[in-house]
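S.K.: Questions regarding the structure given below will be posed in turn.
The values are calculated or read from the model by the stated rules, or taken from the named source; none is laboratory data. Just so we're clear, the structure is a prediction, and the values are computed from it rather than from any experiment. No Cβ is skipped: glycine too gets one built from the backbone with ideal geometry, and neighbour counts run over all protein chains shown. Calculation scope for accessible area: heavy atoms of the full protein, side chains included, ligands and nucleic acids excluded. Shrake-Rupley method; radii C 1.70, N 1.55, O 1.52, S 1.80 Å.
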Amino acid sequence: MTISKVSNTLLLEPGMEDMYKCVHCGLCLSACPTYLTTGREMESPRGRIALMKAVKESRIEPSSRVISHWESCLQCRGCETACPSGVPFGFLMEQTKAELIYPQKTSLKQRFLHFSVFKLLFPALPLLYVLGTLVKFYQKSGLQRILRSRIVTKVAPSSLVVLENQLPAIKGNFFSASTKIYPTKEKKQGTVGLLSGCVMPLFQGPIMEATVRVLNRNGFDVVSPPGQGCCGALNVHAGERERASKMAINNIEVFLKANVDKILTVSAGCGSTMKEYQNLLDKSSSISSEDVSTFVSMTQDITEFLVSIPLSVPKTALSMKVTYQDSCHLAHAQKITKAPREILQSIPGIELVELKDSLICCGAAGTYQIVQKDLSTKLLSKKMATIIETKADAVVTANPGCIIQIENGIKQNDLNSPVYHIVELLDLAYSTESKI
Amino acid sequence: MYDEPLVSSLKSIVGSDFVICHPDDLIVYEYDGSVDKAIPDVVVLPETTAQISSILSLAHEKNIPVVCRGAGTGLSGGSIATHGGVQISLSRMTRILEIDPLNLTALVEPGVINLDITKAVAKHSLYYSPDPSSQKSCTIGGNVAENAGGPHCLKYGVTTNHVLGMEVVLEDGKVVELGGYPEAQPGYDLRGAFIGGEGTLGIATKVLVRLSRKPSITRTFMAIFADLDSASTAVTQIIGARIVPAALEMIDALAIKAIENARPMGYPRDAGAVLLIEIEGLAEDVNEESEAITSICEELGVREIRYSELAEERERLWAGRKGAFAALGSLAPNYYLVDGVVPRTRLPDVLQKIAKICSDLDLPVANVFHAGDGNLHPLIAFDERQPGSSAKALQAGEAILELCIEAGGVLTGEHGVGIEKKEYMPLMFTPDDLSIMKAFKQAFSPKSLLNPGKIFPDGKKPTQKASIRVGSFSTTDSDVWI
């Protein structure tokens with residue numbers, strides 16, 4: 001697929017000039033999971049920027065080959081942490097995708113996938129809930145067991161079997177946004193709004209419930225106001241900015257009306273997208289820039305919030321050795337690496353063993369684990385090797401995608417260590433305490 | 001130029017996944033961390049010595065030039081394929097083969113990242129000493145080729161002092177061993193000759209490095225001065241007081257501004273110069289030297305001294321310094337980084353002259369450098385969109401190098417000659433000197449197929465056109481730039 005458009009009119013958006021801040025020093029290479037795995041410069045941040053420059057300067061066409069190097073990017077933004085020039089790589093990649101990749105999804109299959117993911121399911125959550133209910137029925141009714149039987153897996157197309165195997169198990173109940181207020185039983189410190197998001201309330205309802213309990217325990221009323229939707233991260237990362245900006249405006253309006261002190265999320269990917277809503281919206285948007293910046297300044301990741309309050313220390317010890325995998329969009333996009341460790345170390349009895357290369361992506365990266373199966377699998381097996389080395393009883397991380405990916409890795413390695421979101425571990429400590 | 005038989009032979013050596021030959025892909029192999037650019041005809045990613053040996057025999061037979069690439073962080077164009085041909089990328093040869101904590105050595109492949117050696121041996125309280133600013137990404141193979149230095153080379157020496165031996169593939173594919181353990185080897189020190197050979201003598205495929213014991217205490221000072229002059233006087237006086245700090249680095253006002261613009265590191269924006277001084281050893285010595293350094297700085301009217309012994313805080317003090325060159329991207333569309341050395345007693349005087357050279361040509365200049373060993377790194381800022389400004393920057397660079405040599409110094413401290421400095425070699429060497437060097441090179445590589453177009457003057461001026469980082473910068477600090 002070669003695009004016939006004249007290339008020197010491409011990549012002219014404001015902000016794209018920042019690609020010239022890259023002085024090709026190469027310090028990003030060792031922070032890039034795809035470069036470390038392939039050893040190929042095209043699969044490095046510096047290489048991807050060089051390709052953007054070459055397209056912008058009409059030296060090459062944005063051919064399918066060039067696009068494939070951009071598409072192999074996890075958008076983990078590890079390179080931003082490493083970059084001494086302050087190149088905003090995440091933004092450059094999102095904009096490149098918006099301009100050169102997203103509009104080119106031409107095959108029927110790709111169009112269907114994009115329509116369903118970016119226009120149908122995520123912007124309008126009710127449909128996602130219907131789908132979630134079907135999946136839950138499939139898993140609980142025994143249908144999954146039957147289909148996973150040897151006979152069926154033998155005759156089914158192998159790609160389908162792999163995909164089915166990746167389907168995360170739905171745990172517990174669905175969590176949903178509502179007018180309900182979850183009141184604290186302690187001395188009230190304030191009220192916080194919780195983003196329920198898209199996938200998490202379906203597949204990881206228990207994490208949402210644990211978050212509510214942890215916040216209540218620390219004196220906060222919790223609301224997850226109705227009308228909110230997906231944060232738009234998947235759309236932004238794929239370059240679908242139009243619908244994403246509508247989703248952003250909706251969330252800003254819903255949360256600013258909710259009368260809360262802070263807007264919290266337990267998903268690092270959502271947090272980083274919400275904190276960057278100003279990149280999606282401009283003067284022509286139907287929302288004032290004051291509202292956008294108020295929303296952004298109120299948004300915090302749960303770990304960031306918990307270390308900013310006098311966190312109540314659990315009274316009993318959880319005797320457990322854990323290791324922490326930094327979620328990319330927490331560590332690199334939001335620059336939060338200390339808060340999660342502080343929280344873990346504040347739980348009595350927890351021994352935190354540092355994970356080698358914890359700042360390198362596990363290969364989840366949203367839809368990456370499905371669309372870039374090969375690289376994602378390689379990254380996961382590297383990650384699992386370092387996890388096994390720690391001999392930890394449990395793995396802790398801060399984002400739903402990472403949890404699903406590492407749980408898959410645990411399953412593939414025939415291990416049975418649990419994978420926790422940090423709040424789950426804190427909730428576990430609090431709950432043990434109430435039993436004594 | 002696409003050469004089908006060559007490509008298919010290379011594919012049969014390393015496998016088709018590891019041969020890169022499409023023009024859209026090759027374009028990302030045209031640069032390194034420096035200013036010159038050239039696109040290789042084909043890039044190969046071998047995984048073993050045997051594969052490299054086969055690639056070199058093939059190139060030897062077909063008379064095709066070969067250039068090696070580590071992480072492409074070099075600053076003199078050492079890995080640029082000026083003559084096209086085959087570029088060998090060592091990015092897949094990243095294994096640490098052996099760690100011997102008793103004999104204090106590690107055997108590593110050339111693609112291993114400098115800092116990864118330290119990480120791998122940290123559990124034995126050991127480390128690998130040379131620490132170029134790019135140590136998080138640059139590879140040991142490239143360090144050997146350029147005889148790389150770094151801030152801590154002041155006390156501990158450069159790469160050649162920390163590499164005991166190598167397995168090397170020669171131009172015709174022959175595999176030899178140079179040097180080894182124990183350190184004292186009979187015969188000519190070919191190991192020493194090979195290190196700093198800039199890839200013209202052969203390809204190191206295994207490197208035996210020396211490991212050092214971590215000092216019990218490391219204390220990093222940041223001394224903030226109101227002006228450059230008193231900071232450089234402090235450098236001379238510290239060394240004059242017979243103190244050899246592990247590192248002694250200078251960062252001037254414009255560089256501080258660049259660092260703080262790109263990634264705020266807590267350097268005071270209004271300072272005239274900052275010295276980073278690191279001392280290490282046993283507690284008693286460290287305390288004694290700390291006192292001496294503090295009193296020297298105080299006598300010279302230091303504005304503030306911050307210090308720390310905690311790894312994390314020390315790393316923060318260093319972070320700005322290590323990312324300083326790239327941070328210049330936040331100030332100016334282009335910069336020309338000069339690497340020259342002067343005797344450190346001449347520092348105050350030479351720095352003033354550099355400032356004059358640049359101000360006469362109306363060019364802003366930032367200085368971030370290894371003050372302790374007199375290794376200067378003036379960064380000349382310019383905007384190539386203004387007609388004639390690239391030429392002016394080059395002119396200033398040349399004048400600075402002449403100044404260094406005049407002051408009794410040398411052309412390059414640690415970045416290598418490469419493409420960048422080759423035309424300046426006659427400033428330091430007589431024709432006889434150069435012909436001896438050439439004869440030496442030809443003893444290793446009679447056909448001169450390895451990294452051609454480097455080190456020796458051939459009348460082709462560095463182009464500089466590649467330094468050209470075009471684009472308008474929406475910098476908030478337009479005052480810096482005017």
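S.K.: Restricting to segment B:220-240, give me the number of residues that are of a type outside the set (Asp, Glu) and farther than 14 Å from residue B:279 by Cα.
M.R.: 12
S.K.: Please go through segment A:38-66 and give me each residue that is more than 10 Å from chain B (Cβ to nearest Cβ) and not in a loop (DSSP other than H, G, I, E, B), ordered by number.
M.R.: Hits for segment A:38-66 are A:45, A:52.
S.K.: Continuing with this model, one more query. Anything in segment A:351-375 that is within 30 Å of residue A:433 (Cβ to Cβ) and surrounded by 22 or more Cβ atoms within 10 Å (Cβ to Cβ)? List them, or say none.
M.R.: Selection gives A:355 alone.
S.K.: Out of the residues in segment A:86-107 that are of a type in the set (Phe, Trp, Tyr) and within 14 Å of chain B (Cβ to nearest Cβ), state the one that is surrounded by the most Cβ atoms within 10 Å (Cβ to Cβ).
M.R.: Checked segment A:86-107; the qualifying residue surrounded by the most Cβ atoms within 10 Å (Cβ to Cβ) is A:89.
S.K.: May I pose another question? Would you tally the residues in segment B:419-456 being assigned to a loop (DSSP other than H, G, I, E, B) and not small (Gly, Ala, Ser)?
M.R.: Within segment B:419-456, residues that are assigned to a loop (DSSP other than H, G, I, E, B) and not small (Gly, Ala, Ser) number 13.
S.K.: Sticking with this structure for a sec: In segment A:263-297, which residues are within 30 Å of residue A:188 (Cβ to Cβ), of a type outside the set (S, T, N, Q) and surrounded by fewer than 19 Cβ atoms within 10 Å (Cβ to Cβ)?
M.R.: A:290, A:291, A:296
S.K.: Return the residue satisfying two criteria in turn: it lies in segment B:49-101 and is among the aliphatic types (A, V, I, L, M) and open to solvent by 40 Å² or more (accessible area, probe 1.4 Å), and of such residues it is farthest from residue B:445 (Cα to Cα).
M.R.: Looking at residues that are among the aliphatic types (A, V, I, L, M) and open to solvent by 40 Å² or more (accessible area, probe 1.4 Å), I get B:99.
S.K.: In addition: Collect the residues in segment B:16-34 that are at the interface with chain A (Cβ under 7 Å from one of its Cβ atoms), within 21 Å of the chain's Cα centre (by Cα) and part of a loop (DSSP other than H, G, I, E, B), keeping them in residue-number order.
M.R.: Of everything in segment B:16-34, those that are at the interface with chain A (Cβ under 7 Å from one of its Cβ atoms), within 21 Å of the chain's Cα centre (by Cα) and part of a loop (DSSP other than H, G, I, E, B) turn out to be B:31, B:33.
S.K.: Mind checking whether some residue in segment A:118-133 is at pLDDT 70 or above and at positive phi?
M.R.: Scanning segment A:118-133 turns up no residue that is at pLDDT 70 or above and at positive phi.
S.K.: Take the conditions under 27 Å from residue B:150 (Cα atoms) and open to solvent by 20 Å² or more (accessible area, probe 1.4 Å) and apply them to residue B:436. Does it pass?
M.R.: Answer is no for this residue.
S.K.: Tell me which helices (runs of 4 or more DSSP H) are completely within segment B:267-371 and hold 3 or more residues being hydrophobic (A, V, I, L, M, F, W, C) and open to solvent by less than 10 Å² (accessible area, probe 1.4 Å), or say none if there are none.
M.R.: Correct list: B:283-299, B:324-327, B:347-360.
S.K.: Determine whether segment B:138-147 contains at least one residue that is open to solvent by 10 Å² or more (accessible area, probe 1.4 Å), assigned by TED's automatic domain parsing to the domain that holds residue B:191 and touching a helix residue (DSSP H, G or I) at 6+ places or on another chain (Cβ under 6 Å).
M.R.: yes
S.K.: Only one of these conditions is not met by residue A:83: (1) under 23 Å from residue A:333 (Cβ atoms); (2) more than 8 Å from every other protein chain (Cβ to nearest Cβ); (3) open to solvent by less than 40 Å² (accessible area, probe 1.4 Å); (4) modelled with pLDDT of 85 or more. Which number is it?
M.R.: (2)
S.K.: If only one of B:350, B:368 is touching a helix residue (DSSP H, G or I) at 6+ places or on another chain (Cβ under 7 Å), away from chain A (no Cβ under 14 Å) and of a type in the set (Val, Ile, Thr), which one is it?
M.R.: Answer to the check: B:350.
S.K.: Any idea which of A:40, A:48 is open to solvent by 30 Å² or more (accessible area, probe 1.4 Å), at pLDDT 95 or above and not hydroxyl-bearing (Ser, Thr, Tyr)?
M.R.: Only one candidate passes the filter, namely A:40.
S.K.: Return the total of residues in segment A:18-37 being more than 7 Å from chain B (Cβ to nearest Cβ) and either assigned to a helix (DSSP H, G or I) or among the β-branched types (Val, Ile, Thr) (or both).
M.R.: So the count comes out to 8.
S.K.: Please specify each residue of segment A:189-224 satisfying the condition of being assigned to a strand (DSSP E or B) and within 17 Å of the chain's Cα centre (by Cα).
M.R.: Those that are assigned to a strand (DSSP E or B) and within 17 Å of the chain's Cα centre (by Cα): A:194, A:204.
S.K.: Just wondering, is there one or more residues in segment B:195-208 that are small (Gly, Ala, Ser), open to solvent by less than 20 Å² (accessible area, probe 1.4 Å) and within 14 Å of chain A (Cβ to nearest Cβ)?
M.R.: For segment B:195-208, residues small (Gly, Ala, Ser), open to solvent by less than 20 Å² (accessible area, probe 1.4 Å) and within 14 Å of chain A (Cβ to nearest Cβ): absent.
S.K.: Of the residues in segment B:347-386, how many are more than 23 Å from the chain's Cα centre (by Cα) and more than 21 Å from residue B:327 (Cα to Cα)?
M.R.: Final tally of qualifying residues: 11.
S.K.: Now, a different point. Would you confirm whether any residue within segment B:121-128 is touching a Pro at 6+ places or on another chain (Cβ under 7 Å) and buried (at least 24 other Cβ atoms within 10 Å of the Cβ)?
M.R.: Within segment B:121-128, not a single residue is touching a Pro at 6+ places or on another chain (Cβ under 7 Å) and buried (at least 24 other Cβ atoms within 10 Å of the Cβ).
S.K.: Among the strands (runs of 3 or more DSSP E) lying completely within segment B:35-147, list those that include at least 3 residues that are farther than 24 Å from residue B:3 by Cβ.
M.R.: B:96-100, B:105-108
S.K.: Any residue that is at pLDDT 90 or above, touching a strand residue (DSSP E or B) at 6+ places or on another chain (Cβ under 8 Å) and closer than 28 Å to residue A:102 by Cβ - is there at least one of those in segment A:170-186?
M.R.: No: zero hits.
S.K.: In segment A:62-80, how many residues are touching a Lys or Arg at 6+ places or on another chain (Cβ under 7 Å) and surrounded by 24 or more Cβ atoms within 10 Å (Cβ to Cβ)?
M.R.: Selection size over segment A:62-80: 1.
S.K.: Could you name every one of the helices (runs of 4 or more DSSP H) located completely within segment A:283-345 that has at least 3 residues being in contact with a Pro (Cβ under 8 Å, 6 or more places away or on another chain) and modelled with pLDDT of 95 or more?
M.R.: Result: empty, no element qualifies.
S.K.: While we're here: Can we say residue A:391 is basic (Lys, Arg) and out of contact with any helix residue (DSSP H, G or I) (no Cβ under 6 Å at 6 or more places or on another chain)?
M.R.: yes
S.K.: Hey, another quick one. Return the only residue of B:88, B:117, B:52 being within 14 Å of another protein chain (Cβ to nearest Cβ), in contact with a Pro (Cβ under 9 Å, 6 or more places away or on another chain) and not small (Gly, Ala, Ser).
M.R.: B:88
S.K.: State whether the residues of segment B:212-221 include one that is among the hydrophobic types (A, V, I, L, M, F, W, C), farther than 30 Å from residue B:287 by Cβ and either open to solvent by less than 40 Å² (accessible area, probe 1.4 Å) or part of a loop (DSSP other than H, G, I, E, B) (or both).
M.R.: Scanning segment B:212-221 turns up no residue that is among the hydrophobic types (A, V, I, L, M, F, W, C), farther than 30 Å from residue B:287 by Cβ and either open to solvent by less than 40 Å² (accessible area, probe 1.4 Å) or part of a loop (DSSP other than H, G, I, E, B) (or both).
S.K.: Can you tell me which residue among A:253, A:186 is part of a helix (DSSP H, G or I) and surrounded by fewer than 17 Cβ atoms within 10 Å (Cβ to Cβ)?
M.R.: When all the criteria are applied, what remains is A:253.
S.K.: Here is a further query. Could you please tell me which pairs satisfy a Cβ distance under 6 Å, a separation of 6+ or placement on different chains, a first residue in segment A:276-300 that is closer than 23 Å to residue A:264 by Cβ, and a second residue that is small (Gly, Ala, Ser) and assigned to a helix (DSSP H, G or I)?
M.R.: Every condition considered, the pairs that remain are A:277/A:248; A:280/A:244; A:280/A:245; A:280/A:248; A:281/A:245.
S.K.: Within 14 Å of chain A (Cβ to nearest Cβ), open to solvent by 10 Å² or more (accessible area, probe 1.4 Å) and of a type in the set (Ser, Thr, Tyr): is that true of residue B:133 in this structure?
M.R.: Answer is yes for this residue.
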